1. Looking at the range 105-138, which of its residues are farther than 26 Å from residue 39 by Cβ and open to solvent by 60 Å² or more (accessible area, probe 1.4 Å)?
2. Under the condition of being in a helix (DSSP H, G or I) and among the polar types (S, T, N, Q), which residue from the range 107-142 is modelled with the lowest pLDDT?
3. Looking at 63, 45, 50, 70, which one is open to solvent by less than 50 Å² (accessible area, probe 1.4 Å), more than 20 Å from residue 263 (Cβ to Cβ) and not in a loop (DSSP other than H, G, I, E, B)?
4. Output the qualifying pairs, or none if there are none: Cβ atoms under 8 angstrom, residues six or more apart or on different chains, first residue in the range 24-49 and within 15 Å of residue 117 (Cα to Cα), second residue of a type in the set (Val, Ile, Thr) and open to solvent by less than 50 Å² (accessible area, probe 1.4 Å).
5. Would you please name the residue that is surrounded by the fewest Cβ atoms within 10 Å (Cβ to Cβ), looking only at residues in the range 315-360 that are among the β-branched types (Val, Ile, Thr) and modelled with pLDDT of 75 or more?
6. Just to check your reading of the model, which residue among 462, 444, 428, 476 is touching a helix residue (DSSP H, G or I) at 6+ places or on another chain (Cβ under 9 Å), surrounded by fewer than 24 Cβ atoms within 10 Å (Cβ to Cβ), of a type in the set (Gly, Ala, Ser) and at pLDDT 80 or above?
7. I need every pair where a residue in the range 83-106 that is modelled with pLDDT under 80 has its Cβ under 8 Å from the Cβ of a residue that is open to solvent by 50 Å² or more (accessible area, probe 1.4 Å) and among the hydroxyl-bearing types (Ser, Thr, Tyr), sequence separation at least 6 or different chains.
8. Which residue is modelled with the lowest pLDDT, if the candidates are limited to the range 202-258 and must be in a helix (DSSP H, G or I), out of contact with any helix residue (DSSP H, G or I) (no Cβ under 6 Å at 6 or more places or on another chain) and charged (D, E, K, R)?
Amino acid sequence: MAAHFLALRFRLLVGSMRQSPWTIVAVVVTVLGAMFLLGSSLVGAIAIRALVPELGPAAAVVAGSLLVLALTAVTVLIGTSDPLATERFSLLPVRVGQLRRGLLAASVLDAWVVVGVLGAAIGVVVWSTSAAALATAVVALPIAAATAVLVPRAIADLLARQLASKGARDLMAILLLVVILGLTVGMQLLTSGVRAIGDLADVLQGAASVLAWTPLGAAFDLPRAVAEGAWLEAGAKLAIALGTVALAWWGWGRLLGERLTHPIVLRGGGRVREGRLLDRLLPATPVGAIAARSIRYRRRDVRHLMNVIAALMVPAVVGGVQLVGVVEVDVNGSGLPLDGLALLPVLMAFVAAAVVQIDLAYDNSAFAWHLLTGVRGAADRAGRLLGIAVVFVPTLVLTAVLSTWASGRWELLPASIGAGVGTFLLLAGTMLWLGVLLPGEAPAPGSNPLGRGSSGGMQSLAGIALSVPVLGIVGAPCIGLAVAAIWIPWLGWLSLAVGLVVAALAAWFGIRVGGAALDRRGPEVLAQVSKST
């Protein structure tokens, strides 16, 4: 039975690659990314072993615990979009034991599982300081690998029923996005705190001493206890590690049995209310109707809401990191210039404009209504741009005001607004055209907002890569004048004027050229964006 599940997973992978050549590109990029991550981890382990071997045990425990946590987060996120979800087998004559062994065997084709197992194996390198530690690490490797695979599976199935409602899934996705983006500032604060303490070894040893007695890190600390001859401690941690694996295996089986007999049904959201005020403010035309729908989706659809949150948090995170660095340097008796904070809207504009390209993909099969009702491509492009601009242009202006205030250079406000708004509309106009040729991917409506396609797929990455030269060539005068305004403030007004002109021309290009392309490729675009339905 395990072989059947492995073959099924392989056929699903091959089928998705045959369906779209972009899937092949995504698989290649994923493999290269995994190889880079594993290679970097191996280099780090070798460096620790050669340069600071005394930190090896603590580093192995902390890294192993973080590995289990990361795999748990990934497994929870993809649980509702897994093609081999338990509910798909509820009507088939499959027993719990067969299903459990089959899913475990099929996981060898899951990139995150392979990375987790190989990551646990890399930890053996740091234990090569003694024969006893190395032998124990090799013996304990299956336990550590089982912990990294089974614990995430059990926790994901435990939370699956609680995450069946749309509200719970949306809240979890938003919180996780905020946490991920906030970790950047958190790591900077942690680094500053460690430097203030003055001894990284003490911090690492303290964290490892706590994690080593938890289910997350017990298996990763066994070699140290054996090498030091602490047999009682080694026995206790072996019991914790084996108990964790046994409990996860048993609990996962119980949860699989429950899902087989009582399948989890994903539930939608609540009642949608009318928005009459918005309809009165916008024109009663196809452009106004599409813009109104786009604005409503930015609030009601968590997939769009997360894009807004990400665009808002990116400048906050970058600015927070720079401010933390300034405070840290000031403590040491010197200072760093804050003038660059005034240009944070450019970064926000880049993130916000990337959403324009995959806006069609979020419509999924609903885009068919645009074709059936005869909406012209130019009206579609103009409505989407208007709806997105109503949300992001005011936030860009507000970000410019706040970032200029943080920099202490109010004379840079025109440059900040010009560079931010000009960059956003320049890239948005480009993406209106590229979005027809490369519409990208998006999670299906009602599905996990952080599931398959949440990043837009390889087409989105290709669109971003193609837009960078446009920004570097067409947007160079606007951004260059904004940078020069740091030393010659009156150039900020010229940057604002140039930015508005570039923005108007880019919007016209995106609406006219992108609209004409959509008129020609409408059916092909519909077929591509509705593949996940």
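1. Selection gives 131 alone.
2. Step by step, filter the range 107-142, then rank; the result is 107.
3. Criteria check complete, one pass: 45.
4. What qualifies is 34/115; 37/115; 38/115; 38/122; 41/122; 42/122; 42/125.
5. Per the stated criteria, the residue is 351.
6. One residue alone meets the criteria, 462.
7. Here the result reads 90/261, each pair linking the range 83-106 to a residue that is open to solvent by 50 Å² or more (accessible area, probe 1.4 Å) and among the hydroxyl-bearing types (Ser, Thr, Tyr).
8. 202
The values are calculated or read from the model by the stated rules, or taken from the named source; none is laboratory data. Just so we're clear, the structure is a prediction, and the values are computed from it rather than from any experiment. Note that each Cβ is placed from the backbone with ideal geometry, even for glycine, and that neighbours are counted across all protein chains shown. In case anyone asks, the SASA skips ligands and DNA or RNA and just uses the protein heavy atoms, side chains included. Shrake-Rupley method; radii C 1.70, N 1.55, O 1.52, S 1.80 Å.
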